[in-house]
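Inspection log for the structure reproduced underneath, given as structure tokens.
The values are calculated or read from the model by the stated rules, or taken from the named source; none is laboratory data. Keep in mind that what you see is a predicted model, and the values were worked out from it rather than measured. Glycine gets a Cβ as well: all are built from the backbone with ideal geometry, and neighbour counts include every protein chain shown. Heads up: the accessible areas ignore ligands, DNA and RNA and are worked out on the full protein's heavy atoms, side chains in. Shrake-Rupley method; radii C 1.70, N 1.55, O 1.52, S 1.80 Å.
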Amino acid sequence: MKIAIIGSGNLGLSIAKGLLVSNSVTTLYLTKRNPRAIKSWEDYGNVTVTSDNREAVRQSDILIFAVQPGQFGGILEEIRDLLNEKHVLISTITGFKIKKIESVVGRDQYIIRSMPNTAISVGKSMTCICSNEKGRQRTDLAKAIFNKLGTSIEIPEEQMRAATVICASGIAFWMRLIRATTQGAIQLGFDAREAQELAMHTCMGAATLLVESGHHPEEEIDRVTTPKGCTIEGLNEMEHSGLSSSLIKGIVASFNKINQIADL
Ligand SMILES: NC(=O)C1=CN([C@@H]2O[C@H](COP(=O)(O)OP(=O)(O)OC[C@H]3O[C@@H](n4cnc5c(N)ncnc54)[C@H](OP(=O)(O)O)[C@@H]3O)[C@@H](O)[C@H]2O)C=CC1
Ligand SMILES: O=C(O)[C@@H]1CCC=N1
């Protein structure tokens, strides 16, 4: 696959790492306006780092856009005359509707909107995708790419804002929970490194249990909570302090913020 990542910042480079580690690219163009800081990515051999978006588009078939929302329209204008039947446009840009993309490049392009997260760099992204009408012919391709870098599902475009909160911002939410657990473990006597290791691997174990069993979380909680035991004591104290409620409120606040800033 000949892929270009237009906008190689936090997310763009996470995608690049995932693609390279999983051997998913023949050639990879990485673009940004100031490419000097990422020049060392060319050491991979099949990677070209450049500020020339047009050259990247000419040399690639799959174009992954990972710039800030305010930068995307101008870039589409810049490259639209180069687009042809070989190109598949994959946007990761928050709140940038397919209709708005089509208004610049036309409806006769394969357009996919995606919402991955930074765990794509380690092949563990939960990625939601949707497409324009023509793009439906390329959703299998997009899914194949994102499934190599984690798990993907197709959703209606109206749910992309919610997917952004749960999957993309979600990485930060889970990180904060892991950090809080680490702080608790340090207070109980583990050193910081050990504490983080215990928190990370327990978190991974919990998620893996659900993924592999298909169980509801409460079913697994029931297996752990000994009557009159320490687990239920801890869980109830957390709930008295609003654990579930504060998570839900945070998710809804994040969603409301997207509604304010996004053009949907
Ligand atoms: N970060 C995340 O976890 C996620 C982000 N997203 C979405 O992905 C997009 C990117 O986010 P993020 O990676 O955090 O943002 P960053 O600001 O880290 O990256 C944006 C990149 O775009 C480059 N850029 C800006 N203008 C141009 C241009 N004209 N041509 C080429 N490159 C350009 C910038 O580099 P330079 O200034 O050198 O040009 C920068 O490296 C956003 O729309 C965000 O909503 C979606 C899901 C998760
Ligand atoms: O925080 C943000 O607005 C962007 C979108 C999802 C992740 N980062």
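Using only alpha carbon pairs under 8 Å that are at least six residues apart, calculate the relative contact order of the chain and give it in whole percent.
14 percent
Would you please put 18-31, 132-145, 200-213, 39-52 in order of how densely packed they are, using the mean number of other Cβ atoms within 10 angstrom per residue and starting with the highest?
On the way: 18-31: 19.4, 132-145: 17.2, 200-213: 11.8, 39-52: 14.3.
Top to bottom by mean Cβ count within 10 Å: 18-31, 132-145, 39-52, 200-213.
Can you divide the C-alpha Rg of segment 13-167 by 2.2 N^0.38 Å and report the result to two decimal places?
Here the answer is 0.98, to two decimals.
What do you reckon, how do LYS148, LYS2, LYS99 stack up by accessible area (1.4 Å probe), largest on top?
Putting LYS148, LYS2, LYS99 in descending order of accessible area: LYS99, LYS148, LYS2.
Between LYS124 and LEU247, what length in nm is gained on full extension when 0.36 nm per residue of separation is reduced by their alpha carbon distance?
Working it through step by step, the gained length comes to 42.0 nm.
When the helices in the chain are scored as -39500 (n - 2.57) per DSSP H run of 4 or longer and the sum is shared across all residues, what 222 nm value do you end up with, to the nearest 500 deg cm²/dmol? Can you show the working numbers first?
Numbers: 11 runs with 129 residues, N = 264.
So the calculated ellipticity at 222 nm is -15000 deg cm²/dmol.
So what is the relative contact order for segment 164-261, in percent, with contacts set as C-alpha pairs under 8 Å and at least six apart?
22 percent
Please list, in chain and number order, the residues 5+ apart from THR27 or on another chain whose amide H is under 5 Å from its amide H, with Hs placed from the backbone.
Under 5 Å from the amide H of THR27 lie the amide H atoms of LYS2, ILE3, each far enough along the sequence or on another chain.
Using a cut-off of 12 Å between beta-carbons, work out the net charge of the residues near LYS134 (Lys and Arg +1, Asp and Glu -1, LYS134 not included).
Net of charged neighbours comes to -1.
Taking only C-alpha pairs under 8 Å that are 6+ residues apart, what is the relative contact order of segment 2-155 in percent? Intermediate values should be presented prior to the final figure.
Details: 310 pairs, mean separation 33.3, N = 154.
Answer for segment 2-155 is 22 percent.
With a bin width of 10 angstrom, please list the P(r) values of the chain as percents of all Cα-Cα pairs, from the 0 bin to the one holding the largest distance.
6, 26, 31, 20, 12, 4, 0
Please report the spacing between the Cα centers of segment 16-61 and segment 206-256 in Å, no decimals.
Centre-to-centre distance over Cα atoms comes out at 41 Å.
May I ask which of LYS100/LYS148; LYS228/LYS249; LYS17/LYS39; LYS2/LYS32 have a Cα-Cα span longer than 26 Å here?
LYS100/LYS148; LYS228/LYS249
Starting from the Cα gyration tensor of segment 180-235, take the square roots of the eigenvalues, sort them a ≥ b ≥ c, and report rounded, prolate or oblate (rounded when a/c is under 1.5, otherwise prolate if a/b is larger than b/c, else oblate).
oblate
Can you give the angle from 0 to 90° between the axis of helix 139-148 and the longest principal axis of the chain, with both taken from C-alpha atoms, to the nearest 10?
50 degrees
Give the shape of segment 113-170 as rounded, prolate or oblate, defined through the alpha-carbon gyration tensor: a ≥ b ≥ c are the square roots of its eigenvalues, a/c under 1.5 means rounded, and otherwise the shape is prolate if a/b is larger than b/c and oblate if not.
Taking the square roots of the gyration eigenvalues as a ≥ b ≥ c, segment 113-170 is oblate.
Can you list the residues, at least 5 places off or on another chain, whose amide H is less than 5 Å from the amide H of SER125, using H built in the peptide plane?
ILE120, GLY150, THR151
Tabulate in residue order the Karplus-calculated ³J(HN,Hα) for segment 62-75, using 6.51 cos²θ - 1.76 cosθ + 1.60 with θ = phi - 60°, rounded to whole Hz; enter x for Gly and Pro.
For segment 62-75, the Karplus-derived couplings read 10, 10, 9, 9, 9, 9, 5, x, x, 9, 6, x, x, 5 Hz, x marking Gly and Pro.
Compare LYS257, LYS97, LYS249 by solvent-accessible area with a 1.4 Å probe and give them largest first, with all protein chains kept in place.
Descending order: LYS249, LYS257, LYS97.
Across segment 164-261, how large is the tail of the calculated P(r) beyond 15 Å, expressed as a percent of all Cα pairs?
Counting pairs separated by more than 15 Å, the tail of P(r) holds 73 percent.
What residues have an amide H closer than 5 Å to that of PHE65, excluding those fewer than 5 places away on the same chain, when H is modeled at 1.01 Å from N in the peptide plane?
Residues meeting the criterion, in which the H sits 1.01 Å from N, are ILE6, ILE90, SER91, THR92.
Given labels modelled 7 Å from the Cα in the Cβ direction, how far is it in nm from MET238 to GLN260?
2.9 nm
Calculate one ³J(HN,Hα) per residue across segment 172-186 by plugging θ = phi - 60° into the Karplus curve 6.51 cos²θ - 1.76 cosθ + 1.60, and present them in order as whole Hz with x for glycine and proline.
5, 4, 5, 4, 5, 5, 5, 5, 4, 5, 4, 4, x, 5, 5
Applying the Karplus parametrisation 6.51 cos²θ - 1.76 cosθ + 1.60 with θ = phi - 60° to the phi angles of segment 14-20, what ³J(HN,Hα) value in whole Hz is obtained for each residue in order, glycine and proline being reported as x?
Residue by residue, segment 14-20 yields 5, 5, 4, 4, x, 5, 6 Hz.
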